[in-house]
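Down below is the structure, laid out as structure tokens.
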Amino acid sequence: MPRLSDSMEEGTILKWLKSDGDAVSRGEPLAEIETDKATLTYESDAAGVLTIVAPAGETLPIGSVIARLDGGDNGASASGPEQAQAEASSEPEAGSTSTSEPESKPPPEPEPAPKAQATTEPEPGSATQPGPAARADGRVKASPIARRLAREQGVDLQQITGTGPGGRIVKEDVERAAKSPPQPPPQPQAAPEPEAPAAASTPPQPPAAPTPPSPAKVAETGTAKGDVQVQELTRTQGLIARRMAESRATIPSFELRTEIDMEACVALRAELKALGGDVPSYNDMVVKACALALREFPRANGSYRDARFELYSRVNVGVAVAAADALVVPTVFDADHKSLREIAHETRALAERVRAGAITPPEVSGGTFTVSNLGMYGVTDFTAVINPPQAAILAVGALARRAVVGDDGELVARHTMNVTLACDHRILYGAEAAEFLARIRALLERPLALAF
């Protein structure tokens with residue numbers, strides 16, 4: 001299992017693009033792997049004959065053996081203990097090949113059974129027998145897209161038999177279940193069971209009222225808070241939870257706030273809009289101003305690691321983008337060397353790729369500073385959580401016309417914007433952080449340097 005992003009801890013094999021025993025050449029697509037940030041196609045870095053160790057649907061930590069390439073150039077072979085460990089953590093699923101058997105031996109006889117289950121069309125409403133997607137611990141194996149679609153369509157994943165690798169529920173299964181007519185609860189199956197004596201000894205109970213399918217399993221009813229629904233976290237949501245908890249628990253942070261006069265930026269944007277082409281947003285101007293200021297304040301562009309300062313030569317600004325039930329931070333690399341229009345073009349392309357689910361791990365890695373903007377939601381100011389191991393993050397509020405006192409003492413309406421800088425006090429101290437924030441404000445209030 002390769003490390004495909006700087007924060008990746010484990011990966012899920014969604015689909016093998018090659019079969020066991022296929023000849024694979026260097027650079028050929030090998031498998032689709034879901035990481036903590038994106039799903040991407042993993043290309044083989046060597047040539048050889050493929051022996052699959054971990055079947056599709058398995059989630060394994062970085063460094064675990066997922067396959068072997070025998071022969072060819074730089075062919076890698078899994079060691080015996082690693083192979084045994086990978087086999088022990090794998091379930092016998094469709095499309096998997098047991099590596100404990102000799103390669104010349106045909107697959108064991110029980111394997112076709114899961115395959116037949118995976119390809120059998122489930123009858124709508126047949127929830128009495130769990131399909132292959134149900135694990136022994138009760139959790140349902142489903143792709144992130146299938147889970148999201150099930151929440152949106154109100155489809156209960158427990159009612160679906162997956163047709164993906166190893167019985168994994170995929171997008172098509174959810175769409176098929178959503179189009180099927182709603183079925184009554186499975187009471188007729190239980191009707192033949194009771195006999196007359198049992199009915200006499202047991203007080204009759206009213207039939208349960210049919211309820212619409214829920215995107216999450218109801219864990220408890222009748223509590224003071226009402227019905228409790230338990231929703232599993234996606235891999236991205238789990239990562240966000242861990243990293244934000246880590247940030248709050250380990251980083252001694254402080255915040256600095258200021259108000260920026262954006263009147264000159266409003267005028268500059270109007271002029272650039274008249275010229276045509278990619279029109280920079282105000283957030284693009286903030287990214288450019290931060291990049292230029294970071295070049296002057298190396299610690300703001302660094303990290304505190306293991307009682308040392310790490311100062312980076314490249315200025316890579318991350319831009320927080322809201323995705324489906326998650327937050328993704330793609331990176332604008334070398335933002336200090338790019339023009340305002342280049343930054344505008346790149347941020348738009350990255351945001352579209354995030355929302356389309358096409359962002360790749362390299363595009364969300366390597367950030368040295370982050371800008372988070374909630375101004376489009378009317379939020380005037382807020383405090384963002386530092387994205388470790390970065391030294392700081394800038395939270396940007398809404399740009400609006402506000403009453404301010406002019407140089408002549410009169411009240412005038414001007415475009416202003418509130419920003420909050422959250423800093424790691426272990427590397428960025430108060431005075432230096434204040435100077436850094438003041439430099440950002442100066443660049444935005446006199447934005448001529450941003451246009452180049």
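The values are calculated or read from the model by the stated rules, or taken from the named source; none is laboratory data. Note that the coordinates shown come from a computational prediction; the quantities given were computed from them, not determined experimentally. Positions of Cβ are generated from backbone atoms using ideal geometry, with glycine treated the same way; all protein chains shown enter the neighbour counts. The area values use the complete protein model at the heavy-atom level, side chains included, leaving out ligands, DNA and RNA. Shrake-Rupley method; radii C 1.70, N 1.55, O 1.52, S 1.80 Å.
Here is the figure for region 141-173: residues that are open to solvent by 40 Å² or more (accessible area, probe 1.4 Å), polar (S, T, N, Q) and under 28 Å from Asp20 (Cα atoms) total 1.
Against the test of being open to solvent by less than 10 Å² (accessible area, probe 1.4 Å) and either at pLDDT 95 or above or within 24 Å of Arg295 (Cα to Cα) (or both), the options Leu340, Leu374 yield a single qualifying residue, Leu340. If you take the residues in region 221-243 that are under 14 Å from Met8 (Cβ atoms) and modelled with pLDDT under 80, which one is most open to solvent (accessible area, probe 1.4 Å)? Here the residue is Arg235. Of all residues in region 310-322, those satisfying the criterion of being surrounded by fewer than 17 Cβ atoms within 10 Å (Cβ to Cβ) and not hydroxyl-bearing (Ser, Thr, Tyr) are Glu310, Leu311, Arg314, Ala322. Considering region 391-405, the residues that are of a type outside the set (Lys, Arg) and within 14 Å of Gly378 (Cα to Cα) include one that is most open to solvent (accessible area, probe 1.4 Å), namely Leu399.
The single condition among (1) open to solvent by less than 30 Å² (accessible area, probe 1.4 Å); (2) aliphatic (A, V, I, L, M); (3) in contact (Cβ under 8 Å) with a residue 40 or more places away in the chain; (4) not in a strand (DSSP E or B) that Ala46 does not meet is (3). When every residue of region 44-59 is checked against the conditions, at least one turns out to be among the charged types (D, E, K, R) and at pLDDT 50 or above.
Of all residue pairs spaced 6 or more apart or on separate chains, those with beta-carbon atoms under 6 Å, a first member in region 139-152 that is on the phi < 0 side of the Ramachandran plot and a second member that is open to solvent by less than 10 Å² (accessible area, probe 1.4 Å) and in a helix (DSSP H, G or I) are Ala146/Val174; Leu149/Val174; Ala150/Val174. Could you go through region 432-451 and let me know if any residue there is of a type in the set (Phe, Trp, Tyr) and open to solvent by 20 Å² or more (accessible area, probe 1.4 Å). No: zero hits. The conditions of being open to solvent by 40 Å² or more (accessible area, probe 1.4 Å), more than 15 Å from Cys290 (Cα to Cα) and not hydrophobic (A, V, I, L, M, F, W, C) are not met by Asp424.
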